[in-house]
Amino acid sequence: MADAAKEEQLHLTFVLERIREMIDYLNQRAQTASTDDGRDTDEAETAEEVAARVVERLREVHLDGLTRSQSEPYFGRLDFQEEGEARPAALYIGKRGVEDIDDGNRMVIDWRAPVASMFYAFAGQEESSYETQEGEVRGRVSLKRNVVIRNGKLQRAVDSYVSGQDNLNVTDEFLLYRLEEHKDNRLRDIVSSIQAEQDRIIRAVRSQAVVIQGVAGSGKTTVALHRLAYLLYQYADRLNPERMVIFAPNEMFMDYISDVLPELGVGGVQQTTFTAWALKVLNYEVKLQSSEGQLERWFGQKQEQHAQEFELSRVKGSIDLLRRMDHRLKQMEADFIPQNDFEPWPGQVLPVSQIAHWFQKEYVHYPLATRRERVLARIKRWYESEYKRVKEDDKTGAIKKQAASRFRSYRTKWTEVKAVDLYQRLLNEVLPGFSVPSQEVTKGKGKKSNRPQVQAEDLAPLLYLNLKLNGMDARDNFHHVVIDEAQDFSPLQIAVLKEYCPSQSFTILGDLSQSIHTYQGITDWAEFMDLFETEKQAYFQLNVSYRSTMEIIEFANHILQEFSGFTKAEPVFRSGDPVSIHHVEKSNQADSIARVLDTWQETVETVAVVTPSTASAKQLYDDLRHSGVSVKLIDKSDEPYAGGISVVPVYLTKGLEFDAVFITDVNEETYPFTALAAKLLYVGCTRALHRLQIFYSTTPSSLLKNVLQEQIS
């Protein structure tokens, strides 16, 4: 391997020097262009000036790519001899392509390019190929090398395959090297360590719904982000990043993943939550009722204690409700037109048959509310045109006044339908007695107005009704939709998003074993896949967990093993400290954690102290500070995660990961033997990369009965 490192050091020196030369050249061009641009900014641009501005923008993009590449120009090398060629070519793979501006030579190939797919798919066979628009390109691989470069310095060069030699079997060694790295407060890209099964998902065709069932730590979120970057690269002429969206579970998670796309050279992609997006589309005509504590209220309770509320939430997210809404809209459409002619003044009649023709034929492709306004506007134009014929005889203007008065009266017979009102009536049919409450909202200078107050699960049906009644703003149309933690979405949410993404280009990812919001989520991915045409869907399963050690994954698997619908996570061969379970009095938890942290010192960078509730998180946060621990409290989903040591309720940890995790109060009363409690505990355990400690203070949770019983002290 020493020869490999020496060879790569020489090549790295050459590449970095050439990159610096190109940066200097582009900067000089920028200075020249700035000096030559003496045009008055108020003058209209000529065609040549527009072209020059485009060229300048391309130069800026090129310069930015080169500047970013200086730190880590590439991470892999593949020597590939294409059929018909005399010798192999050394292909260097990086996060972004680098092309020599003098001769056009590809010094570094973008990881998303077709030829780079061989680097990820290669598994030791000499014969290899990749697909292009022109067809398959075949050849032979003689070398695959993993390279680690940090801040322009070569740190590692490992050959995972050399033609003619025995299988070196070091691919796993390189992966483990990357997995052993400590976490900071942001999710990282995995370009250099994408596995073959992950690469197949990333490169799946665009116009379909890709559903990913991935166990905790399988990299599904990162894979989805890389897929988005891949699609933008491959379909740059058809996809606009500003028309792509990532739906994240909360704002804290959005902040956590915020560095990945920029690092991959992608900007402008929308990142939001379904709730925030829905309220915006509804023009904030409804107010969201606080759901804080909803999960905690159900957490640990028996099913029958909240069965009615649970069932109501399920109904609101069901496709059955969508069908009821469609049925009601058809009924409304059939009865929408007043069943009488319009007579603006005696003797002048517009037959109801003509009005019906306009409504049911000419304007049938418009949404219902828009049709109403267009037909009424047509009627108004009709009587105004007819009035011109009698205007000279209407000396006093009595006919004109009469026509306006009759039109106003006639207009009131056309029901003005609002989504909230229609939704209220529908819910009363499905669940008699249910009501959408409203509350008084202050609107500037003491003015007040009633704005309906709804729950989060009301937003999807309201969006659907609003869409059918008022249509869609073209700016809300998506080219591609990514949904993270999708197991907590309802089928109706997916159906609504389909309306906003006509191409049906989706990446839907989650883990049924982590479906803690079961009151609105799903129990089977078929509930989503059945919403798409068979040829428009693809299902992938990621069962290997790359995040945690073998000990942590095996521990977490035991927690869920007695519950149905559980997908067992398969750990990579990375061993670490055993999971420890301790009896610690509640009053001593903070001191015990502080002592353990002292022994770890510099060996961990990020730590989560996971509690069963927001209240217990606040109390333990105070206790830890009193014990001298520098700690942060995360008790809201809109708080940024800043790294270091954090105290956080278990339901807010999903999607995050930490070097080490303490889970406190794993008692029978806080984590009873229920599916919901088991999933919450599983989520908490699988946040840990390297170390996991479990504390209980009274009777240990029966969920631990199959988990290393001999360790309970």
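Let me spell it out: the conditions are (1) in contact with a Pro (Cβ under 9 Å, 6 or more places away or on another chain); (2) more than 24 Å from Glu485 (Cβ to Cβ); (3) free of Cβ contacts under 8 Å to residues at least 24 places away in the same chain, and Asn667 meets all of them except one. Which number is the exception?
In the conditions (1) in contact with a Pro (Cβ under 9 Å, 6 or more places away or on another chain); (2) more than 24 Å from Glu485 (Cβ to Cβ); (3) free of Cβ contacts under 8 Å to residues at least 24 places away in the same chain, Asn667 misses (3) alone.
Over 30 Å from His626 (Cα atoms) and in contact with a helix residue (DSSP H, G or I) (Cβ under 8 Å, 6 or more places away or on another chain), is that true of Thr523?
In short, yes.
Just need a number here: residues in region 634-665 that are aliphatic (A, V, I, L, M) and in contact with a Gly (Cβ under 9 Å, 6 or more places away or on another chain).
The total comes to 3.
For the list (1) in a loop (DSSP other than H, G, I, E, B); (2) modelled with pLDDT of 95 or more, I need the number of the one condition that Ser503 fails.
For Ser503, the failing item is (2).
Of the residues Thr674, Thr699, only one is in contact (Cβ under 8 Å) with a residue 40 or more places away in the chain and among the β-branched types (Val, Ile, Thr); which? Quick ask: steps written out before the conclusion?
Numbers: Thr699 fails: in contact (Cβ under 8 Å) with a residue 40 or more places away in the chain.
After ruling out the rest, the residue left standing is Thr674.
Counting just the residues of region 112-138 that are within 27 Å of Lys6 (Cβ to Cβ) and either outside the structural domain of Phe14 (by TED's automatic domain parsing) or free of Cβ contacts under 8 Å to residues at least 60 places away in the same chain (or both), which one comes out farthest from the chain's Cα centre (by Cα)?
Restricting to residues being within 27 Å of Lys6 (Cβ to Cβ) and either outside the structural domain of Phe14 (by TED's automatic domain parsing) or free of Cβ contacts under 8 Å to residues at least 60 places away in the same chain (or both), the top hit is Glu126.
Anything in region 361-377 that is surrounded by fewer than 17 Cβ atoms within 10 Å (Cβ to Cβ) and in contact (Cβ under 8 Å) with a residue 40 or more places away in the chain? List them, or say none.
Within region 361-377, Tyr366, Pro367, Thr370 qualify.
Being modelled with pLDDT under 80 and not in a helix (DSSP H, G or I) is the filter here; which residues of region 399-432 pass it?
Passing the criteria: Leu431, Pro432.
Tell me which of these Ser435 doesn't satisfy, since it passes every other one: (1) assigned to a loop (DSSP other than H, G, I, E, B); (2) at pLDDT 80 or above; (3) over 30 Å from Leu231 (Cα atoms).
The single condition Ser435 does not satisfy is (2).
Regarding region 227-243, can at least one residue be identified that is within 16 Å of Gln541 (Cα to Cα) and modelled with pLDDT of 90 or more?
Yes, some residue in region 227-243 is within 16 Å of Gln541 (Cα to Cα) and modelled with pLDDT of 90 or more.
Out of (1) at pLDDT below 95; (2) under 30 Å from Gly684 (Cα atoms), the odd one out for Lys536 is which?
(2)
For region 118-128, what are the residues that are of a type outside the set (A, V, I, L, M, F, W, C) and surrounded by 17 or more Cβ atoms within 10 Å (Cβ to Cβ)?
Tyr120, Ser128
Test each condition in (1) touching a residue at least 60 places away in the same chain (Cβ under 8 Å); (2) of a type outside the set (D, E, K, R); (3) more than 21 Å from Ile552 (Cα to Cα) for His583 and report the one that comes out false.
(3)
Kindly list the number of the only condition in (1) modelled with pLDDT under 95; (2) under 22 Å from Lys654 (Cα atoms) that fails for Leu597.
In the conditions (1) modelled with pLDDT under 95; (2) under 22 Å from Lys654 (Cα atoms), Leu597 misses (2) alone.
Answer with yes or no whether Lys330 is closer than 19 Å to Lys418 by Cα and touching an Asp or Glu at 6+ places or on another chain (Cβ under 6 Å).
no
Do any residues in region 85-111 that are assigned by TED's automatic domain parsing to the domain that holds Ile23 and surrounded by fewer than 22 Cβ atoms within 10 Å (Cβ to Cβ) have Cβ atoms under 8 Å from those of residues that are among the polar types (S, T, N, Q) and in a strand (DSSP E or B), where the two are at least six apart or on different chains, and which pairs are they?
Listed pairs, sorted by first residue: Arg87/Gln81; Pro88/Gln81; Pro88/Ser142; Ala89/Gln81.
Would you please list the contacts, defined by Cβ atoms under 8 Å and residues six or more apart or on different chains, that run from a residue in region 485-504 that is assigned by TED's automatic domain parsing to the domain that holds Val281 and surrounded by fewer than 24 Cβ atoms within 10 Å (Cβ to Cβ) to a residue that is in a helix (DSSP H, G or I) and β-branched (Val, Ile, Thr)?
Pro491/Ile319; Ala495/Ile319
Within region 564-578, is even one residue part of a helix (DSSP H, G or I) and among the aliphatic types (A, V, I, L, M)?
For region 564-578, residues part of a helix (DSSP H, G or I) and among the aliphatic types (A, V, I, L, M): absent.
Of the conditions (1) surrounded by fewer than 19 Cβ atoms within 10 Å (Cβ to Cβ); (2) under 19 Å from Leu681 (Cα atoms); (3) at pLDDT below 90, Glu570 satisfies every one except a single condition; which number is it?
(3)
Considering Tyr621, Tyr546, which residue is in contact (Cβ under 8 Å) with a residue 40 or more places away in the chain and of a type in the set (Phe, Trp, Tyr)?
Tyr546
Starting from region 523-538, keep only residues that are within 12 Å of Lys498 (Cβ to Cβ) and assigned by TED's automatic domain parsing to the domain that holds Ile202, then list their pairs with residues that are modelled with pLDDT under 95 and among the β-branched types (Val, Ile, Thr) whose Cβ atoms are within a distance under 7 Å, requiring at least 6 positions of separation or different chains.
Phe528/Ile522
So Glu527 fits all but one of (1) over 22 Å from the mean Cα position of the chain (by Cα); (2) more than 23 Å from Gln195 (Cα to Cα); (3) not in a loop (DSSP other than H, G, I, E, B); what number is the exception?
So the condition that Glu527 fails would be (1).
Only residues that are over 14 Å from Leu225 (Cα atoms) and out of contact with any strand residue (DSSP E or B) (no Cβ under 9 Å at 6 or more places or on another chain): list them for region 192-213, please.
Within region 192-213, Ala196, Ser207 meet the criteria.
The values are calculated or read from the model by the stated rules, or taken from the named source; none is laboratory data. Values in this document were obtained by computation on a predicted structure and should not be read as measured data. Neighbour counts are summed over all protein chains in view; Cβ atoms, including those assigned to glycine, are modelled from backbone coordinates with ideal geometry.
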